[in-house]
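Below you'll find the structure, written out as structure tokens, and then a few comments.
Computed from the coordinates by the stated procedures, all read-outs in this text should not be read as laboratory data. Treat the numbers as computed from the prediction; the structure is a model and nothing was measured. Glycine gets a Cβ as well: all are built from the backbone with ideal geometry, and neighbour counts include every protein chain shown.
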Amino acid sequence: MIPVRLVDQARPEIGFSVDGQAVTARQGDTLLAAILAAGLGRVRTSEFGDGPRAGFCWMGACQDCWLVVEGLGARRACSTLAEPGMKVIRR
Amino acid sequence: MKADVLIIGGGGAGVSAALHLAKRGTRVVLLERGLIGGQASGVNHGGVRQQGRHPAEIPLAIRSRRLWSNIQELCGADVEFDPCGHLKLARNAEQEADLLRWNEMAKGYGLETTMFGRNAIRADYPYFGEAVIAGSLLADDGSANPRLLAPALARMARAAGATLLENHKVEAIEAGFRVLANGQEFTAPILLNTAGFWGGAIAAQFGEPVPVEALNPNMLVTEPLPFFCPVNVGVVGGDVYLRQISRGNVIFGGGRGESDPSLPRSRPLPEPGFLAMQKAVEIIPRLEGALIIRSWTGIDGGMPDALPVMGWSRTTPGLLHAFGFSGHGFMLGPAVGEILSELVLDGRTDIPLEAFDIARFNGQDGPEPDVWKTRLE
Amino acid sequence: MSVVVVGAGPAGVRAVERLVEAGIRPIWIEESPDGGGRVFQKPPPGFSRDAKALYGADASRAAAIHATVARLRAQVDWRPGTLVWNLRPGPRLLNTQGPDGTKAEVAYDRVILCTGAMDRALPIPGWTKPGVTGLGAAQIALKAQGLAIGRQVALCGTGPLLLLLAWQLTKAGAPPALVLESAGWARTLRAAPGLAWNPVGALRGLAWRAALRRRGVRIRTGALPLRVEGTDKVEALVWRDARGEHRTEVDGVAIGYGLKPETQLADLAGVPFSFDGLQRLWLPERDRAGRTAVPGVYLAGDGASIGGSVVAELAGTRAALAVIEDAGGHVDPLETDMIHRRLWLEARFRAALERAFPYPAEHAAAMPDETLLCRCEAITAGELRGTDAPEVNRGKAFTRIGMGRCQGRVCGPAGAEVLAAARGCDIRDVGRLRGQMPVKPVVMA
């Protein structure tokens, strides 16, 4: 799944990292949008063998997009904006 | 409905008694006010632990642990029993001395422990923080899933011919015994009181009140974390205890929640939860920042000396008590049920029960319990 | 008097507005960084689309809500980014977690819970793959992030949101590849007289449908998704309608069959629940003013019962009036009468909508054994069916369904359908999952 940016593509680019890999996003992207739009395909992996996950509800309810941001700790990708220089660790 | 033995209370002890009695051909009816294993037996920490027990409980715990080796066969199901060891931690010199004293005492009962000092413990268990200065491992202790045990025993009891009735709240009891529940009458010459906290009310009705209080263990669980902690962890003082299940969740507890046993309803509380979190992070610093996803409690019967009431009534022939396990009865339940079946059918058991005598609370002058020893022929 | 309002969607905004007018300075707690709720969620700073583009026909209402939030923030104790994770009705306390993880305790004399709603899921095999989202989720992706969830997207659901989203995506230049409406035409027509209680709302639905057809969007009625295929991502959706089984290659699937109230705090408060046969959900009981049986606890908006944003605004105002009245303040009976009349009218329309676009309960009940019913714990429908659990909390105890991070808020209703069918009993008889703190994960510190 790669979401398609439909509007507001002129927002300034920002850079952050996911598992050490450099990712470019747009200012105002949530981590969920940024990670998926960058083609990374998942924000976490099911602990119980069900493979990659990328959330479901996009509104902080389903709890299926938790990841770790260095210095901030556990965060929901859908409710956390990507910030320049963020270091994201997927689990 | 007529039976040989009536059991009030469908926790681990009650359903195990039903199973063991039914296996030996006894007509058993068990009445449970809610669902089988719905209170203390189903909501506890799941420790299968001999370590740290009062000397009076050790023979019972040892017999229980033997029984746990065949628990899958007894339950006819996997109840996630894992003999992973129980490591009890000391956080200061005084606590370390406590561990050594207990180990010395337990050796007399044949229980072997391994002591780890300040350096050794971090070599073997690198995840412990600086707060931990020593630990004592009882290697064949372990844990199981409390949500599964009593219902599994209940299935086996039913298969063995016992009648287990859920949502049957007892409305009246008369000596003899006649019990009214859900508008239906049940009679039997023997009555087993395995009603946990509510066992106190039954005892009181037969003239032997005991100072039982509702004990609500405050339990929390984290999200699944990468597996790191293969051993059950306790501390001297018991203010926090934790274990990581193979799925990764760390289950821990400490302090008490609140309850209204008349409803019955119980709920965990935030403050003891915060305290347990703090203490858990002190002994295992890597837990900091983990997510707490759930909490729970239930209602157990707590006695002032933290020992159960177990044995024949001092006032009423045919009444046999086993309640008030004070937050550490989960692992004992299966064996307690077996012992109750022996008391009923054989008139004896090989486990000393004197310390659990109900008479310790009301100093009755009544006859020795043996007088009431009733054998079903 | 300490008054707390939880939630800053349409219900919370109108409640706070009314409290402030009455001279009360409530504590206003909202989990997201800003007000508006999910329905009027604002994009983060940097996005340029105006209200008209974002909210269509509701643009003026959205703008009014946003303006009201902006105006009220200075007049209340505004606590955004803050989760209420526990409520204790005895001592009347809320437990919160702030944006930096700080825990706090908030005392209330009266609290209005405006906790909103989420997508009601229909688990199908493959629904946990990246690329499958809720229907509301796909709308938020568009509204707040300017995204389509894929290049070729299938929308599966029922009711107004389905066609609205299809239309919004189409207008944004990403028409969905496939729209599956579970309700059949016959059912919709039977409910048509009731839909006339809100002719504007009913006509909007018809207009979207016509517009989508003109643009060539493939809409199938009486159609249900069967499974999502693909390895680690969405490759195709298998679905069925009256004509049989079909397979459509897509890279995104959105699934949502109506909404489900976020009732966890009402549950912790001890508010009695009853089963609503029309919504097919357990709902907290309240009077038409939003009062509950629990002293000091009031409910408003979709968090109490799904009614939509218009109802939420009315109910928020009404609950605030109830708080004012119960505290001995003066309330104009003409105003409360007027609100009750409007709520009654809206309820008629809502009932017709529920009849026209019901949750596909039988489809949920019949989900294949291998379906991962519980996303969090990865537990299948077959595992739940395999137990002898008489009700859902037992099912949870035996299988871990609903025991994970989301606490069953996603799989709960579908799980109840599966269990009721397996037991051969009425859905009411399997009960509902009991709530326990924390209602959402909190950080251990």
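Farthest towards the positive end of the charge dipole of the protein assembly as shown, among the residues C:GLN264, B:LEU320, C:ILE124, is the Cα of C:ILE124, using unit charges on the Cβ of Lys, Arg, Asp and Glu. The chymotrypsin sites (Phe, Trp or Tyr not before Pro) found in the range B:158-234 that occupy coil by DSSP, while having at most 15 further C-beta atoms within 10 Å, are B:PHE227, B:PHE228. Bridging of C:LYS103 to aspartates and glutamates at a Cα separation below 13 Å is possible for B:GLU271, once same-chain residues fewer than 8 apart are set aside. Compared with the rule-of-thumb size 2.2 N^0.38 Å for a compact globular protein, the protein assembly as shown has a Cα radius of gyration ratio of 1.01. Amide H contacts under 5 Å for C:ILE255: C:THR133, C:GLY134, C:LEU135, C:CYS156, restricted to partners 5 or more places along the chain or on a different chain, H placed in the peptide plane at 1.01 Å from N.
For C:PHE273, nonlocal amide neighbours, meaning residues 5 or more places apart or on other chains whose placed amide H falls under 5 Å from its own, are C:GLU285. Each Lys and Arg adds +1 at its Cβ and each Asp and Glu adds -1 at its Cβ; summed about the Cα centre, the protein assembly as shown shows a dipole of about 3460 debye.
Could you pull out the chymotrypsin sites (Phe, Trp or Tyr not before Pro) across the range B:282-329 that fall in loop regions by DSSP (anything but H, G, I, E, B) with no more than 12 other Cβ atoms inside 10 Å? Could you put the intermediate results ahead of the total?
On the way: sites: B:TRP296, B:TRP312, B:PHE323, B:PHE325; in loops: B:PHE325.
Passing both the DSSP loop test and the Cβ count: no residue.
The residue among C:TRP208, C:ALA8, C:VAL153 whose Cα reaches farthest toward the positive pole of the charge dipole of the protein assembly as shown, with charges on the beta-carbon of Lys, Arg, Asp and Glu, is C:TRP208.
Charged neighbours of B:LEU74, selected by a Cβ distance under 15 Å, balance to +3 (K, R count +1; D, E count -1).
Name the residue from C:PHE357, C:GLY415, C:GLY308 whose Cα lies farthest towards the positive end of the charge dipole of the range C:292-445, charges +1 on Cβ of Lys and Arg and -1 on Cβ of Asp and Glu. Value: C:GLY415.
Pick out, in residue order, every one of the GluC sites (Glu not before Pro) in the range B:122-219 that is DSSP loop and has at most 13 other C-beta atoms within 10 Å; say none if there are none.
On the way: sites: B:GLU130, B:GLU166, B:GLU171, B:GLU174, B:GLU185, B:GLU213; in loops: B:GLU130, B:GLU166.
Those that pass, being in a loop and sparsely packed, are B:GLU130.
Averaged over the residues of peptide C:433-441, the number of Cβ atoms from other protein chains lying within 10 Å of each residue's Cβ is 5. In this structure, the amide hydrogen of C:GLY150, modeled 1.01 Å from its nitrogen in the peptide plane, lies closer than 5 angstrom to those of A:VAL4, counting only residues at least 5 positions away or on a different chain. Computed from Cα atoms, the angle from the helix B:270-283 axis to the main principal axis of chain B rounds to 50 degrees.
The separation of the range B:96-156 from the range A:1-75, counted between C-alpha centres, amounts to 42 Å.
Protection proxy ranking for B:274-284, B:19-29, C:401-411, using the average of other Cβ atoms within 10 Å per residue and placing the highest first: C:401-411, B:19-29, B:274-284. For the range C:105-121, 3J(HN,Hα) computed residue by residue from phi via the Karplus equation (6.51, -1.76, 1.60; θ = phi - 60°) reads 10, 10, 7, 9, 8, 9, 10, 9, 8, 10, 8, x, 9, 9, 4, 8, 7 Hz, glycine and proline entered as x.
Each Lys and Arg contributes +1 and each Asp and Glu -1, all at the Cβ; summed about the Cα centre of chain C, the dipole is approximately 960 debye.
Straight-line cross-link reach from A:LYS87 at under 14 Å between alpha-carbon atoms covers these aspartates and glutamates, not counting any fewer than eight positions away in the same chain: A:ASP19, A:GLU70. Highest mean first, the peptides C:105-113, C:218-226, B:143-151 sorted by other C-beta atoms within 10 Å per residue fall in the order B:143-151, C:105-113, C:218-226.
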